[in-house]
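The values are calculated or read from the model by the stated rules, or taken from the named source; none is laboratory data. Predicted model, so just to flag it, every value in this text is computed and none were measured. Counting neighbours? That spans all protein chains shown, and the Cβs are built from the backbone with ideal geometry, glycine included.
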């Protein structure tokens, strides 16, 4: 509590010119493995019922989302026996003949200037009944969001698990400007890489983006003052505050599940230790007391534990400690380099980076029995993070000399690659569901 | 500047040759080739002591082994030269900036970079430089000198920069 005044809640610095500036580089996502065994589904083109052309092809986005998930194999338009867009036009028999198990139909109607009504229905082809049907009225710039929401509904109805198409991804990219200087950007994009928005750009490094649980703010580390400091930025307004600028390292922000506190790494007392900032009270609590490096804190979903990296036993290993205080418990025992832990949404698993034969790979530790499983076979993996539905792990890696993002499904069946049109991309952070 | 640059090139050349000569697989070469490599390496070692601008020591970087912050004897000499310079120039302050190679995780590397910078601070303090003149910071793996993804680049990037 004596640290009250030392947490510099710097008067709201507005990142004016930079907020919502378009990013130059675009993300492309490709499936690199799996996706052949998906369930056949038909997404009939959504009929545009206005003049001219439709501003956004909703059915195309839904089709791409479901195909990318690896769980579905959407029919091509050529494979479709018909293109119904109204309930009364659906003939289930003809869809059974092409082995589509589910059918999505819909239409988009302009209701007034910049207002569109989107209607969709999802059918079980074999049982010949509707599983879901919704109508949305939105502006043109929300049509993509509506498409992702439809994808989420279809995914959840058919798999029983939450979809993550409506969520977003924050990431750091690095490019070279015309005069060869480095340019770092912190950006946010839709889950399919569309709508990239740079929320901060700097000639000095940016690190460690972390979403608030409500999806409205990002915490991150910026070196713009020539050393690491932790900031917290509102995504809509672009306003930000500096939450840690002590002597030494200020880094590794992680929000508590209820959003009231933030774990950070500070070396103000001599070496890196984990602290918890109470955001509203502006107070600071020290959690670790050790002469070794303690860093990379992450909260358990129930908010009771912080898991972190420490080299107190020599090399970096994974530990956890109750937030309320208590014994530190070691969780990783295989290999001599295990770091950067984070929990699965159900709290049963921890994903981290583990070194095997000189390679740095994504691993998963079972919290119950401490067993470890290695999921990747690349060389320089970093920053693994579970998707908010727990079905996928997204991480950074190196490919052909460039920084890229990759994902692997929890069952290991589907893998994706996220590349930027230019520059390196790294440090992915998946937003909470439906921010 | 130019003569120093040439000297630096010579030193880099010599280091490169040394690095090659020390690789075990290189020793399998025919005796004739081996003799040539050794001759060139010895010539490089004679490059002599560099002198930096304004009387400062020329070597402004300390390099480290992987996941290590220990200072070897060559680096000790470099740090001693800087301690001597700082003793002779009491109004000069210095910043020690720690860096890592890209392997491993970013936040852990940020901590490791700080540990390297502090190791140099500690040694300068032991050599009699007042701590108030020494500041340390870490960039972790965020500012590599060489953006390659290989041993040579990693070796170059594990460093503390001495900044006046």
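Here are some notes:
- Strands (runs of 3 or more DSSP E) wholly inside the range B:47-164 that include at least 3 residues being within 14 Å of another protein chain (Cβ to nearest Cβ), touching a residue at least 40 places away in the same chain (Cβ under 8 Å) and closer than 30 Å to residue A:318 by Cβ: B:94-99, B:134-140
- Filtered residues of the range A:398-417 (kept if part of a strand (DSSP E or B) and farther than 18 Å from residue A:26 by Cα): A:408, A:409, A:415
- The listed residues are A:196, A:209, A:213, A:205, and the only one of them that is within 19 Å of residue A:267 (Cβ to Cβ) and touching a strand residue (DSSP E or B) at 6+ places or on another chain (Cβ under 7 Å) turns out to be A:205.
- Every residue from the range A:371-386 that is part of a strand (DSSP E or B) and away from chain B (no Cβ under 14 Å): A:372, A:373, A:374, A:386
- Filter result (more than 14 Å from chain B (Cβ to nearest Cβ) and either more than 23 Å from residue A:273 (Cα to Cα) or surrounded by 19 or more Cβ atoms within 10 Å (Cβ to Cβ) (or both)) within the range A:332-349: A:334, A:343, A:344, A:345, A:346, A:347, A:348, A:349
- Single residue of the range A:289-307 satisfying the filter (under 28 Å from the mean Cα position of the chain (by Cα) and within 17 Å of residue A:248 (Cβ to Cβ)) that is surrounded by the most Cβ atoms within 10 Å (Cβ to Cβ): A:296
- Among residues that are modelled with pLDDT of 95 or more, touching a helix residue (DSSP H, G or I) at 6+ places or on another chain (Cβ under 9 Å) and more than 30 Å from residue A:380 (Cα to Cα), residue A:282 is not included.
- The listed residues are A:277, A:293, and the only one of them that is modelled with pLDDT of 95 or more, farther than 30 Å from residue A:417 by Cα and within 14 Å of another protein chain (Cβ to nearest Cβ) turns out to be A:293.
- For the range A:118-135, the criterion of being part of a strand (DSSP E or B), in contact (Cβ under 8 Å) with a residue 60 or more places away in the chain and within 29 Å of the chain's Cα centre (by Cα) is met by at least one residue.
- Scanning the range A:63-73 turns up one or more residues that are over 30 Å from residue A:198 (Cα atoms), part of a strand (DSSP E or B) and modelled with pLDDT under 95.
Let's see how each residue does on (1) at pLDDT 95 or above; (2) within 14 Å of another protein chain (Cβ to nearest Cβ):
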| site | (1), (2) |
| --- | --- |
| A:195 | no, no |
| A:206 | yes, yes |
| A:210 | yes, yes |
| A:216 | yes, no |
| A:231 | yes, no |
| A:236 | no, no |
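- Scoring residue A:84 on the criteria (1) in contact with a helix residue (DSSP H, G or I) (Cβ under 7 Å, 6 or more places away or on another chain); (2) buried (at least 18 other Cβ atoms within 10 Å of the Cβ); (3) modelled with pLDDT of 95 or more leaves a single failure, condition (1).
- Members of the range B:109-154 found to be crowded, with 22+ Cβ neighbours inside 10 Å and under 20 Å from residue A:224 (Cα atoms), listed by number: B:109, B:110, B:111, B:113, B:114, B:117, B:136, B:138, B:139, B:140, B:141, B:142
- Qualifying residue in the range A:250-261 (condition: surrounded by fewer than 22 Cβ atoms within 10 Å (Cβ to Cβ), within 14 Å of chain B (Cβ to nearest Cβ) and over 14 Å from residue A:219 (Cβ atoms)): no
- Residue check for residue A:179: away from chain B (no Cβ under 14 Å), surrounded by fewer than 20 Cβ atoms within 10 Å (Cβ to Cβ), over 30 Å from residue A:43 (Cβ atoms) and modelled with pLDDT under 95: yes
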